[in-house]
Amino acid sequence: MSTLAITDLHASVTTDGGPREILRGVSLTVEAGSTHAVMGPNGSGKSTLAYVIAGHPKYEVTAGSVTLDGADVLSMSVDERARAGLFLAMQYPVEVPGVSVSNFLRTSATSIRGEAPKLRTWIKEVKEAMGDLQMDPAFAERNVNEGFSGGEKKRHEILQMSLLKPRIAILDETDSGLDVDALRIVSEGVNTFREQTGAGVLLITHYTRILRYIAPDVVHVFVDGRIVESGGPELADVLESEGYERFVTAPA
Amino acid sequence: MTTLTAPPLDLAPRLASADIEDFVVPTGREEEWRFVPMADVAAFMHPDADAGTLMAEPGPHVAIVDAAAADRTAWLPTDRPSAIARAGVASVIQVRVGADESVPEPIVVRLTGPTARTYGHVDVRVGAHARATVVLVHDAGVDASGSIVVEVGAGADLTMLSVIDGPPENVHLWQWHADVGRDARFTGAVITIGGRVVRIMPSVSYSAPGGTAELLGAFLADGPQFLEHRIFVEHDQPHCSSRVVYKGALSGHGAHTVWIGDVLVRREAVGIDTYELNRNLLLDDGPRADSVPNLELETGDVVSAGHASATGRFDDEQLFYLQSRGIPEQLARQLVVRGFFVDVLARIGSEHWRHEILERISSRLGMSDDHADLLRDVEGTDP
Ligand SMILES: Nc1ncnc2c1ncn2[C@@H]1O[C@H](COP(=O)(O)OP(=O)(O)OP(=O)(O)O)[C@@H](O)[C@H]1O
Ligand SMILES: [Mg+2]
């Protein structure tokens, strides 16, 4: 049973006008098998939280801790975190010119698994995973995210998650940019992954529509760099109908 | 990073001569020498009786011929070191592919040098409708100056690959010239990885209409290497095309690359199309890349003519993305740099040499054996 524990996490970004604190004391525990939804206004720091957990060099952690099964995540390099079992499906996946999806997937699977998957079974594995997400096999020969539409990028993120089988997956607005059919297909992909691996999921979103497919156990309201309220799935509906105003104007 | 405005191309025919004294000793202030660390190339500015001649293993298509007996009238040097080398060589390396002959395997010419300073002359002739790939490997560990003269017969298809590698203290000064026949195709690729001061001057002209020339380059400069690629394409025949794509990756303080792309379209060269591109990738803040595309049109009656040049910093977001998928940083860097060169290398027909070049690039970038094995597996290049 894996546990991602975030305790009183503070992080800043360096701007031209000096450091700016974006995370102001985030505490959150995601256990294997559970799904947490994080909802909050634009610019509140949700992606920053995801990036800080993944180890993006742009952010500096100034206080607090992040552990995965007790191991100090913050002292690990970005790739070590991934090998330890963390995965971030990014809001804006990065294009890597000249690197084919197929080479990329095999390189990362080899790095994460510690040995090269047998070619035969690997090809089958990739084919099936792409089939489940209704991705055209031709994507394998294209360069990573290059010229992908918004929705194609998101499917590609979920494809990686299915193949890399992390213990804790953070999905940053995986639903945005997806049409109704794609949303259903991608959600099914996430659900299959949850069932098969028992992984914990932290799902960042603005909309309840994805939560109708992927049922969260807990919903957190994220405002101004911290979690201001947590509740059951019904909290999501309240947020969608009433917005964040109540939380934004509440005294800190 | 600098993009300089080139002075207008000198439209007069360039001085070409076999007589050394027709070329004054350059001071370094001349347009064509202004970037070069002159002290490092000084030894090649005066004839050296002790300089040896570059040799190669003779083979079915390769012969070593006494310089006095070789017909070398096809092309004349256009600078002093080249004229000196031409006068100084004892023999010429001839590569010959007969008309209609199709050579399936690359013809590999591995240059070897008898002395620390050498002169070389390579003469390549491919007959009408022949097909071949010629690979010149410059990694003998000697300083060299010379010329490579290529004639591509009507309807022929020649790929020439020059791999400049070897120790990081060598000087390599080469003039390349290819004359492209009627409806012929010439692909000339220069891969510059080794050496300390490298100056390669590929030039192309067309002897009849319908020819296609593709000049490709991939270079990797590390401090304190100086690598200059000075290209000259002269369109003086109608309905020909030229495409120039050079890519460089630079790292380290003192690394300096220069790319000059001169394309001259003469009045009679109607209906041509030409495009040239140089892209440089700076892996850190140390290096300097100069890039000067220069397109001169004497006729407006062309199909298309364009150029582009861009120098950019290594994208840390790409590194983060790859690392976030478990790929170690060193390997992720390798992938990004290899990816940068992929489109140039993809145009080199020989699969074997494409991988050979990737391996040389990776080993220059300091790839560990584990990572090399992993990439061999991933790219399916296991024997
Ligand atoms: N490099 C940076 N320089 C300056 N400000 C930054 C930088 N990176 C993030 N920020 C700021 O930090 C704040 C939080 O950004 P973040 O992307 O985490 O928000 P978010 O909650 O994910 O928003 P959205 O819902 O729009 O995706 C924003 O105000 C953003 O402008
Ligand atoms: Mg965001």
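Details
- Inter-part distance where segment B:28-84 and segment B:279-308 are each reduced to a Cα centre, Å: 27
- DSSP beta bridges in chain A [antiparallel fraction, %, rounded to 5]: 60
- Inter-chain neighbour count for A:70-80: the average number of beta-carbon atoms from partner chains within 10 Å of each residue's beta-carbon is 3.
- Percent antiparallel among DSSP beta bridges (both partners in the protein assembly as shown, rounded to 5): 20
- A rounded overall shape is assigned to chain B, the ratio a/c of its alpha-carbon gyration tensor axes (a ≥ b ≥ c) being less than 1.5.
- Across all Cα pairs in segment A:149-252, the calculated P(r) in 10 Å bins from zero up to the longest distance comes to 14, 45, 31, 10, 0 percent per bin.
- Only Lys, Arg, Asp and Glu carry charge here, each on its Cβ (+1 for the first two, -1 for the last two); on that basis the protein assembly as shown has a dipole of about 560 debye about its Cα centre.
- Cα gyration tensor category, rounded, prolate or oblate, for chain A with a/c compared to 1.5: prolate
- Share antiparallel - DSSP beta bridges, segment A:95-234, percent rounded to 5: 60
- Ranked packing of A:75-83, B:331-339, most packed first, by mean Cβ within 10 Å: B:331-339, A:75-83
- Inter-chain Cβ neighbour average for residues B:336-347, partner chain, 10 Å: 3
- Counting only the Cα atoms, the protein assembly as shown fills a convex hull of 180 Å³ per residue.
- The protection proxy used here, the mean number of other Cβ atoms lying within 10 Å of each residue, ranks peptides A:185-192, B:360-367, A:57-64 as follows, highest first: A:185-192, B:360-367, A:57-64.
- Note on segment B:169-252: semi-axes of the ellipsoid equivalent to its C-alpha gyration tensor, largest first and rounded to whole Å, are 29, 12, 8.
- Per-q log10 I(q)/I(0), segment B:44-106, q = 0.12, 0.15, 0.19, 0.26 Å⁻¹ (Debye; single scatterer per alpha-carbon; no solvent): -0.39, -0.58, -0.84, -1.18
- Peptide A:108-119 has a mean shielding of 4, counted as Cβ atoms of other protein chains within 10 Å of each residue's Cβ.
- The tail of the calculated P(r) for segment A:35-132, taken as Cα-Cα distances beyond 21 Å, holds 49 percent of the pairs.
- Per-peptide average of other Cβ atoms within 10 Å, ordering A:14-21, B:151-158, A:141-148 highest first: B:151-158, A:141-148, A:14-21
Taken together, the values in this text are just the output of simple stated rules run on the coordinates, not laboratory data. Note that the structure is a prediction, hence the values are computed from the model and not measured. Note that we place each Cβ from the backbone using ideal geometry, even for glycine, and neighbour counts take in every protein chain shown.
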